[in-house]
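Can you read through this structure? Questions will come right after.
The values are calculated or read from the model by the stated rules, or taken from the named source; none is laboratory data. The structure displayed is predicted, hence computed values, not measured ones. Here Cβ is always computed from backbone atoms with ideal geometry, including for glycine, and neighbour counts include all displayed protein chains. Side chains are part of the model used for accessible areas, which takes the heavy atoms of the whole protein and leaves out ligands, DNA and RNA. Shrake-Rupley method; radii C 1.70, N 1.55, O 1.52, S 1.80 Å.
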Amino acid sequence: MRNPKAMVLSVALPLAPPEAILYDGLPLGAIDAIKAAYGPVVQILDPPKDGFDLTMKINLTKLPPDEEQRNALLTQIASVREVVLGAPLKLLLKHLATKTVAPNVDKLVALVHRPNESFFLALQPDKVTVVYPMRFQDSIDIVLATSFLQEFVEARRTAALSNAPSCMWSPVPPLELKGMDADALNANAGFVTFVVSPRHVEGRKLDKTVWSLLTFHAYVSYHVKCSEGFMHTRMRRRVETLIQALDRAKSDAEKLKKLVHGASFRRMSLNEGN
């Protein structure tokens, strides 16, 4: 903040699991992805600040003069975490568009997903198989996520989604993950598999596919929490309805009690009546 013409932005990435491969603390292709996304506006500082994996210096004087372009670039800078973590995924899917496999890369690649968690890419020239071990902490989330993912697979079979990547769910690791460590395959909500074809990464489809695959676990978590909140809301409304019914029954009982135990009548003489 001392220099009004520049700003320093530091990013801490999720803690990488042992099976994930990093280059100088960053995912494969992250430096090139940052340069391609931000151009001369951003300068990468080496080494990064203590406690962070990446530190960038943003030159505010080089922002586009057009307001719409400037806001778009600032939004992309705010999404630097996705740019960095999505760099290896984008690089590998670019080769799929040309029906080739990236050189010097294993056929099974583990990418940083969440802290101490990975998702896996099985690379072939004509397709890329993406496998997600789904893990949740709360027991209710596990049940809801399992049900949601099974319905997710069923929805993919509808005619309207025939062009989407094929989707499968399994309670056990698929064959593509054979030989991986048991810790990497620890999943309490099963395994979700997508098969991405070259037609899914053609042209502008590449960025959308990368974003969808990178944020898939967050997508599932969001809908699980929404489902849980919806059920809690319905239960609260049901309880309120029952309480209101009990209150009405109580008031009706009190009225009947007053009628039964109300004032008694006695016979009056003619003189008293006059």
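Given +1 on the Cβ of Lys and Arg, -1 on the Cβ of Asp and Glu, and no further charges, what dipole in debye does the range 6-228 carry about its Cα centre, rounded to the nearest 20? Spell out each step's value before the answer.
Values: 21 positive and 23 negative charges, 131 e Å.
Computed about the Cα centre, the dipole is about 640 debye.
Moving to a separate point now. Hey, if you drop one equal point scatterer on each alpha-carbon of the chain and run the Debye formula without solvent, what base-10 log of I(q)/I(0) do you get at q = 0.07, 0.15, 0.16 Å⁻¹?
Calculated log10 I(q)/I(0) at the listed q: -0.40, -1.20, -1.30.
Using the heavy atoms of the protein chains alone and a 1.4 angstrom probe, what is the accessible area of the range 6-228 per residue in square angstrom? If you can, show how the numbers build up before the last one.
Numbers: 12330 Å² over 223 residues.
Per residue, the range 6-228 has 55 Å² of solvent-accessible surface.
Continuing with this model, one more query. Run the simple label-point estimate for Lys99 and Ser212 please: 7 Å along Cα→C-beta, distance reported in nm.
For the pair Lys99/Ser212, the computed spacing is 2.2 nm.
Something else now. Whenever you get a sec, compute what percent of the accessible area on the range 6-228 sits on carbon and sulfur atoms (1.4 Å probe).
Details: 6810 of 12330 Å².
Exposed carbon and sulfur together represent 55 percent of the surface.
Let me ask something else about it. Amide H of Gly29: which non-local residues (sequence gap of 5 or more, or other chain) have their own amide H closer than 5 Å, using H built in the peptide plane?
Residues meeting the criterion, in which the H sits 1.01 Å from N, do not exist here.
For Ile21, list long-range residues whose amide hydrogen, built 1.01 Å from N in the peptide plane, is under 5 Å from its own amide hydrogen.
When sequence neighbours closer than 5 places are left aside, the close amide H contacts are Ala110.
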